[in-house]
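Below: one structure, written as structure tokens.
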Amino acid sequence: MSEQPITLRVENVTKRYGDFTAVDNISFEVKAGRIFGFLGPNGAGKTTTIRMIVSITAPDEGKIELFGQKMSSELQDKIGYLPEERGLYKKMKIQEQLRYFAALKDVPQKEADKRIDFWLDRMGLSEWKLKKANDLSKGMSQKIQFIAAVLHEPDLIILDEPFSGLDPVNVETLLEVIAELKKKGKTIIFSTHLMETAERLCDDIILINKSRKVLGGKLREVKESFGKNLIALRCSGGEKVLEDKSLVEKVTEHADEKELVLAPNADTQILLKKLIENGAVISKFEQIEPSLNDIFIEQVKEKNA
Amino acid sequence: MRKFLAVVKREYFKVVWTKVFLITTFLAPVGMLAVSLMPLLMFSIKGNAVRVAVVEENGKIFQRLQENLSPEKQVEKFKRSTAESVKNLNASQDEKLKQTAEQFGGSFQLEQISPAGKTTEQIQNELLQRIADKDLDAYLIVPADFDAKDAKFEFYSRNASDFISKTAIEEGLNDAIRLERLAKANISEEKLKEINQKVNFSVKSIDKSGSVKEGNDWGFGIAFGLAFMLYITITLYGSVVMGAVVEEKETKIAEILFSSAKPFELMMGKLVGVCLSGLTQVAIWTFSALAILTYGAVMAGSLGIPKEFPSITPLFIVYFFLFFLAGFFLYSTIYALIGSMVTTTQEGGQFVIFTVIVLMAGLYSVVPIVRDPNSTFSLIASLTPFVSPVSMPARIFIESPPLWQILLSLGLNVLAICGLVWAAARAYRVGMLMYGKKATIPEVWKWIRTS
């Protein structure tokens with residue numbers, strides 16, 4: 001995939017607050033036109049990293065490049081940012097707020113007005129245009145903040161936990177919009193601790209824990225690298241084979257099937273062969289990938305242990 | 001620059017387009033007008049003449065008292081108590097003054113009662129009856145030995161709390177007795193006036209070129225006026241500046257803002273926007289106050305009260321305005337800095353006293369400046385930011401300092417503003433990143449240095 005240009009490059013970035021190292025020597029690249037999942041448990045250093053990317057703070061060490069240039073406040077207009085801690089001016093009308101946020105991103109008001117109408121319509125909030133933020137529900141204000149992040153048509157959109165607090169219908173709307181933006185060639189960084197959404201959306205991921213990078217790369221490859229030793233099995237008989245520790249490390253019983261973890265260096269084909277030889281009647285034998293959730297939990301637990 | 005202007009616009013209209021702003025702006029002058037006209041209106045509500053019976057053996061005091069309480073005499077007294085410039089009044093002004101004196105001094109209808117063999121008790125009973133019948137308002141008993149040291153005059157009134165009548169009668173009585181005593185000592189009233197005549201103490205000041213001009217003691221007044229204006233606008237708008245900073249931290253909007261514009265742009269824009277809205281209000285008030293003052297001056301002129309204004313040049317007004325602006329911005333930045341350090345406006349309120357203290361220091365520095373505008377102290381005080389917005393105009397008014405000093409003073413204030421905004425912006429950004437707890441001063445200093 002080297003033909004895709006690199007939108008964002010984070011290189012050996014470290015940020016300290018006093019004695020506490022919030023981000024420790026993290027490096028990754030985000031390629032243009034892809035959705036990049038920025039994953040990690042709460043307090044891992046996701047928000048600190050994002051704040052350095054959008055130039056709210058500067059890294060103590062390392063460098064951040066956007067479109068091949070060193071990140072600076074001049075490049076801020078090319079990024080759209082939906083922070084995790086969201087807020088609107090309580091007593092300001094929705095249209096006024098969006099105009100203001102657009103002006104801060106250097107969008108002329110005429111153009112801003114057109115885009116505001118478009119986006120309010122797209123999000124189903126047109127009738128709220130002249131209402132004050134105080135009157136909005138939590139989900140609505142979240143959609144307004146999303147609009148504020150994309151009004152200036154940035155090339156890089158950073159969404160920090162964009163789905164938290166949204167009902168399923170709104171989650172669906174937002175997913176559609178994100179897909180549309182991707183189709184238009186926008187690069188999207190999307191930070192979350194919800195692995196299911198990440199799995200559904202992301203092309204590439206990075207997982208960080210305790211200020212450090214744990215793993216990263218294409219979602220497909222990451223899963224494959226963890227996916228070779230798990231087997232879902234539904235069968236009767238052959239219990240003896242499953243007790244062989246040189247073949248199977250661990251058996252987890254589910255309702256009507258078993259989940260097997262292969263022993264290191266064991267071969268699936270040999271296992272299958274031995275099961276059949278031992279008279280097991282097999283109705284399901286499937287090599288499965290671990291879910292991102294499993295990888296996440298395993299990795300985080302391992303590192304925290 | 002466009003972003004800066006966007007911030008200015010938002011902050012300005014956020015304040016100006018509110019009902020509170022409209023109400024305070026337009027009702028405050030009405031209120032002030034009402035307050036200033038209230039005493040005038042109240043005093044002009046005049047009752048009937050107070051009917052006083054004077055119980056006296058031979059009528060000597062009665063005569064003098066009647067004279068002293070006449071409108072002509074009251075006007076004369078008023079003239080004596082005011083400056084000499086009231087001497088030359090034309091007839092119609094004299095007439096007006098008489099009316100005014102009557103309004104403020106009260107009018108009397110005196111009646112002489114001579115004991116004619118009746119006992120004091122009998123007379124008192126008669127008079128009390130008349131007061132009860134509402135035929136009389138008060139009576140005064142003049143003792144026979146009225147010019148003795150311990151002579152006791154008794155005044156019985158239906159309404160003893162009418163302080164205006166009481167004072168007028170007491171003063172009239174005092175004058176009457178004094179004149180009686182003087183007559184006994186063979187000194188005429190004219191002679192006494194001559195003796196009491198004050199010296200004519202005329203102050204001229206010499207400026208640097210050696211030419212003589214009329215002296216004035218307006219320097220402190222000017223400084224006080226400036227300090228007062230600053231105090232009012234800052235107490236009104238400092239908390240607005242602080243609130244604007246705190247709001248964004250509380251609502252977490254700050255994070256979006258900082259990802260869009262430079263903290264300095266945001267902070268400066270906020271400050272300029274709020275200050276402009278404050279200036280809008282102050283301008284409306286100043287113009288209405290000027291209108292009222294002009295009206296008041298015209299009224300006073302028609303009443304014969306002298307108008308004496310200091311000679312003010314247009315250039316001085318420009319300087320006054322510039323230093324007012326510098327002061328307003330400078331003190332507002334302190335509030336912005338406070339706002340960036342605290343988490344709620346209530347918390348910030350605790351720090352507000354410091355700005356008042358600094359402002360007061362500026363005001364008191366004016367005393368030595370007025371006494372010696374060329375001293376080293378005066379030079380330093382009129383160049384030091386925070387103090388100079390008050391002290392420099394006072395110095396300019398008294399003597400003209402070199403232009404470079406005036407410009408340097410303004411420049412230093414502007415530098416101080418920029419420095420403070422810069423510090424406030426940094427403290428604001430770091431404060432936002434670690435919200436939730438109040439920062440200590442050393443912490444804030446660390447933020448400013450390291451962020």
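The values are calculated or read from the model by the stated rules, or taken from the named source; none is laboratory data. This structure is a prediction, so every number in the text was calculated from the model and none was measured. Counting neighbours? That spans all protein chains shown, and the Cβs are built from the backbone with ideal geometry, glycine included.
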Query raised in the report: In the range B:141-178, what count of residues is obtained for those that are over 16 Å from B:GLU67 (Cα atoms), part of a helix (DSSP H, G or I) and aliphatic (A, V, I, L, M)?
Result: 1
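Of all residues in the range A:13-39 being among the basic types (Lys, Arg) and over 20 Å from the mean Cα position of the chain (by Cα), which is farthest from A:ASP160 (Cα to Cα)? Explain how you work it out, then say what you get.
So in the range A:13-39, the residues among the basic types (Lys, Arg) come out as A:15-16, A:31, A:34.
From what's left, over 20 Å from the mean Cα position of the chain (by Cα): A:15-16.
Numbers: A:LYS15: 19, A:ARG16: 21 Å.
Ranking the qualifying residues of the range A:13-39, first place goes to A:ARG16.
Within 30 Å of B:LEU279 (Cβ to Cβ), touching a Gly at 6+ places or on another chain (Cβ under 8 Å) and in contact (Cβ under 8 Å) with a residue 12 or more places away in the chain: does that describe B:VAL16? Step through it out loud before you land on a result.
Details: within 30 Å of B:LEU279 (Cβ to Cβ): yes; touching a Gly at 6+ places or on another chain (Cβ under 8 Å): no; in contact (Cβ under 8 Å) with a residue 12 or more places away in the chain: yes.
Spelling it out, it is not the case that B:VAL16 is within 30 Å of B:LEU279 (Cβ to Cβ), touching a Gly at 6+ places or on another chain (Cβ under 8 Å) and in contact (Cβ under 8 Å) with a residue 12 or more places away in the chain.
Here is a list: A:VAL54, A:VAL107. Which entry is more than 30 Å from A:GLU302 (Cα to Cα), touching a strand residue (DSSP E or B) at 6+ places or on another chain (Cβ under 8 Å) and β-branched (Val, Ile, Thr)?
Details: A:VAL107 fails: touching a strand residue (DSSP E or B) at 6+ places or on another chain (Cβ under 8 Å).
On inspection, the qualifying residue turns out to be A:VAL54.
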Query raised in the report: Considering only residues of the range B:183-204 that are in a loop (DSSP other than H, G, I, E, B) and more than 38 Å from the chain's Cα centre (by Cα), which is surrounded by the most Cβ atoms within 10 Å (Cβ to Cβ)?
Result: B:ILE187
Report task. Kindly indicate whether B:PHE258 is of a type in the set (Phe, Trp, Tyr) and within 9 Å of chain A (Cβ to nearest Cβ). Result -> yes
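To keep it simple, each residue is scored yes or no on (1) of a type outside the set (Phe, Trp, Tyr); (2) within 14 Å of another protein chain (Cβ to nearest Cβ); (3) in contact (Cβ under 8 Å) with a residue 40 or more places away in the chain; (4) at positive phi.
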residue	(1), (2), (3), (4)
A:GLY33	yes, no, yes, yes
A:ARG51	yes, yes, no, no
A:GLN69	yes, no, no, no
A:LEU98	yes, yes, yes, no
A:LYS105	yes, yes, yes, no
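Quick one: which residue in A:GLU172, A:GLU196 is outside any strand (DSSP E or B) and more than 24 Å from A:LYS223 (Cβ to Cβ)?
On the way: A:GLU196 fails: more than 24 Å from A:LYS223 (Cβ to Cβ).
Only one candidate passes the filter, namely A:GLU172.
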Query raised in the report: Going through the range A:142-169 one residue at a time, which ones are in a helix (DSSP H, G or I) and under 12 Å from A:LEU82 (Cα atoms)?
Result: A:GLN142, A:LYS143, A:ILE144, A:GLN145, A:PHE146, A:ILE147, A:ALA148, A:ALA149, A:VAL150
Query raised in the report: Residues in the range B:171-181: is at least one touching a Gly at 6+ places or on another chain (Cβ under 8 Å), assigned by TED's automatic domain parsing to the domain that holds B:ILE113 and surrounded by 17 or more Cβ atoms within 10 Å (Cβ to Cβ)?
Result: no
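Can you tell me which residue within the range A:71-94, out of those that are in a helix (DSSP H, G or I) and either hydrophobic (A, V, I, L, M, F, W, C) or on the phi > 0 side of the Ramachandran plot (or both), is farthest from the other protein chains (Cβ to nearest Cβ)? Please lay out each step first, then the result.
Step one: list which residues in the range A:71-94 are in a helix (DSSP H, G or I), which gives A:73-78, A:94.
In the following step, the residues that additionally are either hydrophobic (A, V, I, L, M, F, W, C) or on the phi > 0 side of the Ramachandran plot (or both) were identified as A:75, A:94.
Numbers: A:LEU75: 11, A:ILE94: 14 Å.
If we take residues in the range A:71-94 being in a helix (DSSP H, G or I) and either hydrophobic (A, V, I, L, M, F, W, C) or on the phi > 0 side of the Ramachandran plot (or both), then A:ILE94 is farthest from the other protein chains (Cβ to nearest Cβ).
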Report task. Only residues in the range A:238-260 that are assigned by TED's automatic domain parsing to the domain that holds A:LEU275 and surrounded by 12 or more Cβ atoms within 10 Å (Cβ to Cβ) count as the first member; pair them with residues that are hydroxyl-bearing (Ser, Thr, Tyr) and part of a strand (DSSP E or B), Cβ under 6 angstrom, at least 6 apart or cross-chain, and list the lot. Result -> A:GLU259/A:THR252
Query raised in the report: Taking the range A:1-31, which residues are of a type outside the set (S, T, N, Q), closer than 22 Å to A:LYS184 by Cα and in contact (Cβ under 8 Å) with a residue 12 or more places away in the chain?
Result: A:MET1, A:PRO5, A:ILE6, A:LEU8, A:ARG9, A:GLU29, A:VAL30, A:LYS31
Query raised in the report: Hey, A:SER137 hits all of (1) within 12 Å of another protein chain (Cβ to nearest Cβ); (2) loosely packed, with under 14 Cβ neighbours inside 10 Å; (3) hydroxyl-bearing (Ser, Thr, Tyr) but one; which does it fall short on?
Result: (1)
Requested in this report: Inspect the range A:122-129 for any residue being under 27 Å from B:THR18 (Cβ atoms) and either charged (D, E, K, R) or at the interface with chain B (Cβ under 8 Å from one of its Cβ atoms) (or both) and give the result as yes or no.
Outcome: yes
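Going by the conditions given, is B:VAL366 surrounded by 23 or more Cβ atoms within 10 Å (Cβ to Cβ), at pLDDT below 85 and farther than 29 Å from B:SER277 by Cα? Show your work before the answer.
Working: surrounded by 23 or more Cβ atoms within 10 Å (Cβ to Cβ): yes; at pLDDT below 85: yes; farther than 29 Å from B:SER277 by Cα: yes.
Yes: the conditions hold for B:VAL366.
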Report task. Please enumerate the residues belonging to the range A:257-305 that are assigned to a loop (DSSP other than H, G, I, E, B) and over 27 Å from A:MET195 (Cα atoms). Result -> A:ASN265, A:ALA266, A:ASP267, A:ASN278, A:GLY279, A:ALA280
Query raised in the report: In the range B:93-110, is there at least one residue being more than 15 Å from B:ASN68 (Cβ to Cβ), assigned to a loop (DSSP other than H, G, I, E, B) and modelled with pLDDT under 85?
Result: no
Report summary line: If we take the range B:257-349, then helices (runs of 4 or more DSSP H) inside it with 2 or more residues that are farther than 23 Å from B:VAL8 by Cα, under 19 Å from the mean Cα position of the chain (by Cα) and modelled with pLDDT under 85 are B:263-303
Requested in this report: Among the residues of the range A:53-67, count how many are within 14 Å of chain B (Cβ to nearest Cβ) and either touching a helix residue (DSSP H, G or I) at 6+ places or on another chain (Cβ under 8 Å) or closer than 24 Å to B:LYS252 by Cβ (or both).
Outcome: 9
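Of these, A:GLU199, A:GLU277, which one is in the same structural domain as A:LYS46 (by TED's automatic domain parsing) and among the acidic types (Asp, Glu)?
Details: A:GLU277 fails: in the same structural domain as A:LYS46 (by TED's automatic domain parsing).
A:GLU199 is the lone residue from the list that is in the same structural domain as A:LYS46 (by TED's automatic domain parsing) and among the acidic types (Asp, Glu).
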Query raised in the report: How about the range A:223-237: which of its residues are closer than 20 Å to A:GLU196 by Cβ, surrounded by 17 or more Cβ atoms within 10 Å (Cβ to Cβ) and at pLDDT 85 or above?
Result: none
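Looking at A:VAL10, is it within 14 Å of another protein chain (Cβ to nearest Cβ), part of a strand (DSSP E or B), buried (at least 17 other Cβ atoms within 10 Å of the Cβ) and within 19 Å of the chain's Cα centre (by Cα)? Give the steps one after another, and end with the answer.
Values: within 14 Å of another protein chain (Cβ to nearest Cβ): no; part of a strand (DSSP E or B): yes; buried (at least 17 other Cβ atoms within 10 Å of the Cβ): yes; within 19 Å of the chain's Cα centre (by Cα): yes.
Taking the combined requirement at face value, the residue does not satisfy it.
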Requested in this report: Could you tell me whether any residue of the range A:187-197 is touching a Gly at 6+ places or on another chain (Cβ under 9 Å), of a type in the set (Phe, Trp, Tyr) and within 21 Å of A:ALA44 (Cβ to Cβ)?
Outcome: yes
